[in-house]
Ligand code: ATP
Ligand code: MG
């Protein structure tokens, strides 16, 4: 049999990478809590409509990246087959949950979520088919100060992860509906005059979603896009003011940014503020966290008109950059020799753990084998309990760093091991 591999674009996560990813989620939970965010965990699959409608048929995600399937389980009571989709992003599902649970009574809502997301795209370093996101949404506030809050939260998190000087905040305003429509017309006029040089993808988007052409990765497109009219020229007064207030708020906190007129977001539902935190250290996968305002989304899903602003960060990319994972404290290896000692060791192990030590019970093989395993596990102490020790009431404690050994009475074991640095690495 050939070597059994995970499906393309999926990976097993363990060791240092798992620790680094956990550190990102831990920091996110801490920081988001400090801004008043509470956990909302939505299902990992939803009715396909939940994503199709708000993201737009022409978005990359809906048009080619979603894992959608028809599911029918008549035996389990389904009447009709259901069209389901694995979560490609969090926002739409969270808005669905907001509506389903009648949460409009409790506005504003601040939700933090994290977990896997699925997109069928070409796998590369930092780009997978199952990847993981941290996600924050602030619902029910249409004021620009809310945008400042949500960006400040991202900024604080990135700094806690030690990324402050590895990333740049790119900021843009897409304006309100009127401004976007005006810009769309200007852009289409400009791009139409360069139709002969546009890529095939962009030609299609010219009809369906011209703003996305600004985001094209095609070299030829990029040259044309460089000469496109600036978005800011089409902003009406209200949109300008909104954006000015966002910028003033960021200035007040001292968050640096660049105004990036070409920044648009991949989904249809954005308006006003759009932003991305970008690093130059991950090549083409340089966007580590991105978001913006989506005032029409909840209404589009069939809920009461409710403004929203939020962001999502890629846990893999953040973990790769920050490598902030904590190695667990060095374990104590507990080595009972014989049946009676094994029973006694259950009790000793729990006492040691209650005192704060990490304990691995190693019950197999001769002492030499066990000491080898202790070294591989990075243990500082080996605690040996055999018949002699049971009789004397003293455990043999080996300090594996110093190469010394001492006898310690059972009741003093926990204190001794913890005081001698059993949990320091
Ligand atoms: P990209 O331009 O890299 O495709 P995107 O605009 O599709 O990103 P978003 O939908 O804004 O990404 O998702 C937010 C974040 O999730 C991204 O900034 C990135 O860090 C991460 N992310 C998105 N897609 C993937 C993926 N396939 N694998 C790993 N991380 C991803
Ligand atoms: Mg993408």
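The values are calculated or read from the model by the stated rules, or taken from the named source; none is laboratory data. Nothing here was measured: the structure is a model prediction, and the numbers come from that model. Heads up, the Cβs are rebuilt from the backbone with ideal geometry, glycines too, and the neighbour counts pull from every protein chain shown.
Would you confirm, using the coordinates I've provided, whether residue 25 is farther than 21 Å from residue 120 by Cα, surrounded by 15 or more Cβ atoms within 10 Å (Cβ to Cβ) and within 16 Å of ligand 1 (Cβ to nearest atom)?
When the stated conditions are applied, residue 25 passes them.
Evaluate the following for residue 263: is it within 17 Å of the chain's Cα centre (by Cα), surrounded by fewer than 23 Cβ atoms within 10 Å (Cβ to Cβ), within 16 Å of ligand 2 (Cβ to nearest atom) and at pLDDT below 95?
no
Out of the residues in segment 270-294 that are in contact with a strand residue (DSSP E or B) (Cβ under 7 Å, 6 or more places away or on another chain) and at pLDDT below 90, state the one that is nearest to ligand 2 (Cβ to nearest atom).
Among them, the one singled out is 285.
Can you tell me which of 122, 127 is more than 28 Å from residue 246 (Cβ to Cβ), in contact with a helix residue (DSSP H, G or I) (Cβ under 8 Å, 6 or more places away or on another chain) and within 14 Å of ligand 1 (Cβ to nearest atom)?
127
Looking at segment 328-343, can you tell me whether even one residue there is closer than 24 Å to residue 157 by Cα and in contact (Cβ under 8 Å) with a residue 24 or more places away in the chain?
Scanning segment 328-343 turns up at least one residue that is closer than 24 Å to residue 157 by Cα and in contact (Cβ under 8 Å) with a residue 24 or more places away in the chain.
Checking residue 6 against (1) at pLDDT below 95; (2) within 16 Å of ligand 1 (Cβ to nearest atom); (3) exposed (fewer than 15 other Cβ atoms within 10 Å of the Cβ), only one condition comes out false. Which one?
(1)
How many residues, within segment 364-395, are farther than 15 Å from residue 408 by Cα and surrounded by 13 or more Cβ atoms within 10 Å (Cβ to Cβ)?
Total meeting the criteria: 9.
Restricting to segment 79-121, name every residue that is touching a residue at least 12 places away in the same chain (Cβ under 8 Å) and part of a loop (DSSP other than H, G, I, E, B).
Correct list: 87, 88, 89, 90, 107, 108, 119, 120, 121.
If you take just the helices (runs of 4 or more DSSP H) that sit entirely in segment 144-239, which of them hold at least 3 residues that are over 18 Å from residue 265 (Cα atoms)?
Once the helices (runs of 4 or more DSSP H) in segment 144-239 are filtered for at least 3 residues that are over 18 Å from residue 265 (Cα atoms), what remains is 144-160, 177-192, 219-226.
For residue 106, work out the one condition from (1) within 30 Å of residue 249 (Cα to Cα); (2) within 23 Å of the chain's Cα centre (by Cα); (3) modelled with pLDDT under 95; (4) more than 16 Å from ligand 2 (Cβ to nearest atom) it doesn't fulfil.
(2)
Taking the stated definitions as given, is residue 310 buried (at least 21 other Cβ atoms within 10 Å of the Cβ), within 16 Å of ligand 2 (Cβ to nearest atom) and either free of Cβ contacts under 8 Å to residues at least 12 places away in the same chain or in a strand (DSSP E or B) (or both)?
Taking the combined requirement at face value, the residue does not satisfy it.
Give the residue, chosen from 137, 178, that is surrounded by fewer than 18 Cβ atoms within 10 Å (Cβ to Cβ) and either closer than 30 Å to residue 103 by Cβ or within 16 Å of ligand 2 (Cβ to nearest atom) (or both).
Exactly one residue qualifies, and that residue is 178.
Those residues that are under 33 Å from the mean Cα position of the chain (by Cα) and free of Cβ contacts under 8 Å to residues at least 24 places away in the same chain, I need them from segment 63-78; list them, please.
Once the filter is applied, which keeps residues that are under 33 Å from the mean Cα position of the chain (by Cα) and free of Cβ contacts under 8 Å to residues at least 24 places away in the same chain, segment 63-78 yields 63, 68, 69, 70, 71, 72, 73.
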